[in-house]
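A short worksheet on the structure shown next.
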């Protein structure tokens, strides 16, 4: 009898919890974002991503301090410099650098950020731009290139004195495309790089493709350089620093 009462009580309690528990909020379907139209980053709930806004506001404050002479703009690959401070300081510390990289950013997000305060209050001598890999899953090469172009044009408009070191989007995926297996992401970014290379005017915009420095002789990526075949290890960041240091020294004069 006692067991029956206990079982009934437990069933009633479970039933009550099931009735009062709130169902998970359904994901909000957002309209697609064009890569060359400035946009904030939204979460699955349809609200602006809190981390994105927090980072942006921090970058705006850094800009308003007016000290940065070298600005890096990009996504998580750029943001990753924050975990390699020894390499960063040795390579760029003398230039009073600022890292404005946010994980997951696409071209439209960087475009929104620089149109909303991240380039206000400072007069940098140079900006290093590397963005577009997060667009590769959904946008065509031409669209991604338009997004990069809009970023370059915005920097030129807001900071006409700044030289722009426009980096080719780094290669991604373990191996290049072969007849046996395609790597569409890497192929698309190659097309993007071929388009944005034409932005180099030899005066204000300087295009530099250092992607080959990360690759093995057969075109593959090593886990020693990119552990997940996208983000860089310490060795990868050292390669990056070494590859752009000579050009930066020229642009920062």
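The values are calculated or read from the model by the stated rules, or taken from the named source; none is laboratory data. Since the model is a prediction, treat every value here as computed from it, not as a measurement. Because the Cβ atoms are built from the backbone with ideal geometry, glycine has one as well, and the counts that use them run over all protein chains shown.
Can you name every residue in region 200-217 that is within 18 Å of residue 174 (Cα to Cα), touching a strand residue (DSSP E or B) at 6+ places or on another chain (Cβ under 8 Å) and part of a loop (DSSP other than H, G, I, E, B)? 210, the sole residue that qualifies.
The helices (runs of 4 or more DSSP H) found entirely in region 1-84 that carry 3 or more residues being modelled with pLDDT under 95, over 23 Å from the mean Cα position of the chain (by Cα) and surrounded by 10 or more Cβ atoms within 10 Å (Cβ to Cβ) are 2-20. Residues in region 218-247 that are under 13 Å from residue 77 (Cβ atoms), in a helix (DSSP H, G or I) and touching a strand residue (DSSP E or B) at 6+ places or on another chain (Cβ under 9 Å): 240 alone.
When residue 160 is tested against (1) more than 27 Å from residue 89 (Cβ to Cβ); (2) under 20 Å from the mean Cα position of the chain (by Cα), only condition (2) is not met.
For region 103-123, a residue qualifies if it is assigned to a loop (DSSP other than H, G, I, E, B), surrounded by 24 or more Cβ atoms within 10 Å (Cβ to Cβ) and without any contact (Cβ under 8 Å) to a residue 60 or more places away in the chain, and exactly one does: 119. In region 52-78, how many residues are touching a residue at least 24 places away in the same chain (Cβ under 8 Å) and farther than 25 Å from residue 142 by Cα? So the answer is 15.
Yes/no per residue for (1) within 19 Å of residue 128 (Cβ to Cβ); (2) buried (at least 17 other Cβ atoms within 10 Å of the Cβ); (3) under 17 Å from the mean Cα position of the chain (by Cα):
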| position | (1), (2), (3) |
| --- | --- |
| 182 | no, no, no |
| 197 | yes, no, no |
| 232 | yes, yes, yes |
| 246 | yes, no, no |
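Sub-8 Å Cβ pairs linking a first residue in region 137-165 that is assigned to a loop (DSSP other than H, G, I, E, B) to a second residue that is modelled with pLDDT under 95 and loosely packed, with under 14 Cβ neighbours inside 10 Å, at least 6 apart or interchain, are 138/32, ordered by first then second residue.
Which ones in region 184-195 are out of contact with any helix residue (DSSP H, G or I) (no Cβ under 7 Å at 6 or more places or on another chain) and either in a loop (DSSP other than H, G, I, E, B) or surrounded by 13 or more Cβ atoms within 10 Å (Cβ to Cβ) (or both)? 185, 186, 187, 190, 193, 194 - these are the residues of region 184-195 that are out of contact with any helix residue (DSSP H, G or I) (no Cβ under 7 Å at 6 or more places or on another chain) and either in a loop (DSSP other than H, G, I, E, B) or surrounded by 13 or more Cβ atoms within 10 Å (Cβ to Cβ) (or both). Only one of the numbered conditions (1) within 24 Å of residue 188 (Cβ to Cβ); (2) crowded, with 20+ Cβ neighbours inside 10 Å is violated by residue 143, and that is (2).
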